[in-house]
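Take this structure first; my questions come after.
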Amino acid sequence: MDSVFFFTSPRHRGYSATMDQQRALLLLEAVATGQRSPQSVLDELRLGPFKDALHAADGLHLDTHRALRTGHGEVVFAPGKTIPRLLSAMTQLREVGPALATRVDPDQAAALRQAFPDGEWWEDARLFACNSPLPLQHTAGTPDAGTALVVVTAGTSDLPVALEAFGTARFLGLAPALVADVGVAGLHRLTPHLSLLGNARLLIVVAGMEGALPSVLAGLTGRPILAVPTSVGYGASFGGLAALLAMLNCCAPGVAVLNIDNGFGAATMAAKLLG
């Protein structure tokens with residue numbers, strides 16, 4: 001079964017640097033009007049993150065100025081974190097702006113939902129967000145021909161990684177489309193979507209097994225492709241290594257390859273390229 005999901009909404013401010021930029025602009029205006037000395041503002045900008053870190057709980061050293069430097073704030077990688085550490089990280093990050101946790105397991109999600117009832121949990125994508133909406137429901141429909149980003153999966157088994165990319169892209173302010181289950185075992189399933197894919201500015205292509213779909217789409221559409229190998233496959237797939245190597249050896253030009261199962265990395269790169 002192949003399907004298309006599309007989520008539309010105006011580009012929100014999402015996980016941009018606006019909060020930190022506003023704070024920095026206020027400090028600079030205070031210098032310009034003589035309310036603050038240049039040295040005091042310099043000290044605050046330089047030492048602020050470290051002062052915050054000295055008071056961080058549970059061994060966390062959160063980078064609260066990352067959005068000011070890079071355009072995207074810090075995101076919490078949930079695996080390996082105790083629930084108290086995870087809650088502490090999300091509490092501190094949501095004070096700065098929108099906060100996102102990735103690879104959240106059900107027990108962690110239950111604790112996050114209890115601590116942040118205004119937050120949103122997308123189980124299929126393993127994402128939890130505060131202060132920013134996530135597309136909790138796939139909205140089926142006809143995607144806009146002008147969609148900038150399309151996430152494509154070879155099979156439905158690749159959906160968890162694809163939905164991580166899709167949800168993260170939404171969190172970062174993009175409005176992607178999702179085309180699922182159109183892998184090389186039945187390439188005719190791509191036909192109804194070629195117009196959408198050919199008109200997109202960027203494709204995230206998620207595939208396990210032999211990892212062939214990015215090569216196919218690079219040859220059919222000419223669109224730049226962020227290829228994401230997944231750990232889906234039988235024994236000789238070696239947990240996604242076969243797909244990774246196949247994508248790295250892609251014959252069609254214009255394909256850049258992410259790490260195995262790294263839907264989050266693909267979405268953040270897409271946001272930088274399209275932003």
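The values are calculated or read from the model by the stated rules, or taken from the named source; none is laboratory data. What you see is a predicted model; the values in this text were computed from it and never measured. With ideal geometry, Cβ positions are generated from the backbone for all residues, glycine too; neighbour counts draw on all protein chains shown. The accessibility values were calculated without ligands, DNA or RNA, using every heavy atom of the protein model including side chains. Shrake-Rupley method; radii C 1.70, N 1.55, O 1.52, S 1.80 Å.
Which of the numbered conditions does residue 208 fail, given that it passes all the others? Conditions: (1) touching an Asp or Glu at 6+ places or on another chain (Cβ under 7 Å); (2) open to solvent by 60 Å² or more (accessible area, probe 1.4 Å).
Unmet condition: (2).
Give the residues of the stretch 148-167 that are buried (at least 24 other Cβ atoms within 10 Å of the Cβ), of a type in the set (A, V, I, L, M, F, W, C) and out of contact with any Lys or Arg (no Cβ under 9 Å at 6 or more places or on another chain), sorted by residue number.
Within the stretch 148-167, 151, 152, 154, 161, 162, 165, 166 meet the criteria.
Test of understanding: among 194, 174, which residue is assigned to a loop (DSSP other than H, G, I, E, B) and hydrophobic (A, V, I, L, M, F, W, C)?
Working: 194 fails: assigned to a loop (DSSP other than H, G, I, E, B).
Only one candidate qualifies: 174.
I've got another one for you. Condition check: assigned to a loop (DSSP other than H, G, I, E, B) and either over 19 Å from residue 259 (Cα atoms) or of a type outside the set (Phe, Trp, Tyr) (or both). Does residue 231 satisfy that? Please lay out each step first, then the result.
Working: assigned to a loop (DSSP other than H, G, I, E, B): yes; either over 19 Å from residue 259 (Cα atoms) or of a type outside the set (Phe, Trp, Tyr) (or both): yes.
The answer is yes for residue 231.
Would you check which residues across the stretch 84-110 are open to solvent by 20 Å² or more (accessible area, probe 1.4 Å) and modelled with pLDDT of 90 or more and list them?
103, 105, 106, 107, 110
Which condition from (1) farther than 20 Å from residue 264 by Cβ; (2) within 22 Å of the chain's Cα centre (by Cα); (3) of a type in the set (Ser, Thr, Tyr) is the one that residue 221 breaks?
(2)
Within the stretch 246-267, does at least one residue satisfy the condition of being open to solvent by 20 Å² or more (accessible area, probe 1.4 Å), assigned to a helix (DSSP H, G or I), touching a Gly at 6+ places or on another chain (Cβ under 8 Å) and closer than 21 Å to residue 102 by Cα?
No, there is no match, as no residue in the stretch 246-267 is open to solvent by 20 Å² or more (accessible area, probe 1.4 Å), assigned to a helix (DSSP H, G or I), touching a Gly at 6+ places or on another chain (Cβ under 8 Å) and closer than 21 Å to residue 102 by Cα.
Return yes when residue 241 is open to solvent by less than 20 Å² (accessible area, probe 1.4 Å) and either among the aliphatic types (A, V, I, L, M) or assigned to a strand (DSSP E or B) (or both) and no when it is not.
Details: open to solvent by less than 20 Å² (accessible area, probe 1.4 Å): no; either among the aliphatic types (A, V, I, L, M) or assigned to a strand (DSSP E or B) (or both): yes.
No: the conditions fail for residue 241.
Which of the residues that make up the stretch 213-238 are open to solvent by less than 40 Å² (accessible area, probe 1.4 Å), without any contact (Cβ under 8 Å) to a residue 60 or more places away in the chain and not polar (S, T, N, Q)?
Across the stretch 213-238, the qualifying residues are 214, 216, 218, 225, 226, 227, 229, 233.
Need pairs with beta-carbon distance below 6 Å; first residue closer than 12 Å to residue 102 by Cα and at pLDDT 90 or above and within the stretch 153-178, second among the charged types (D, E, K, R) and surrounded by fewer than 24 Cβ atoms within 10 Å (Cβ to Cβ); sequence gap 6+ or separate chains.
Short answer, once both residue conditions are applied: 161/261; 163/124.
Taking only pairs six or more apart or across chains, which ones have beta-carbon atoms under 7 Å, a first residue in the stretch 77-104 that is closer than 14 Å to residue 115 by Cβ and small (Gly, Ala, Ser), and a second residue that is modelled with pLDDT under 85 and outside any helix (DSSP H, G or I)?
From the stretch 77-104, the pairs are 88/57; 88/58; 88/60; 89/60; 89/62; 99/131.
Of the numbered conditions (1) more than 16 Å from the chain's Cα centre (by Cα); (2) closer than 22 Å to residue 178 by Cα; (3) surrounded by 15 or more Cβ atoms within 10 Å (Cβ to Cβ), residue 274 fails exactly one; give the number of that condition.
(1)
Here is a follow-up. For the stretch 87-106, what are the residues that are more than 13 Å from residue 130 (Cα to Cα) and among the hydrophobic types (A, V, I, L, M, F, W, C)?
104
So which residues in the stretch 192-217 are closer than 16 Å to residue 162 by Cα and of a type in the set (Val, Ile, Thr), if there are any at all?
Across the stretch 192-217, the qualifying residues are 204, 205, 206.
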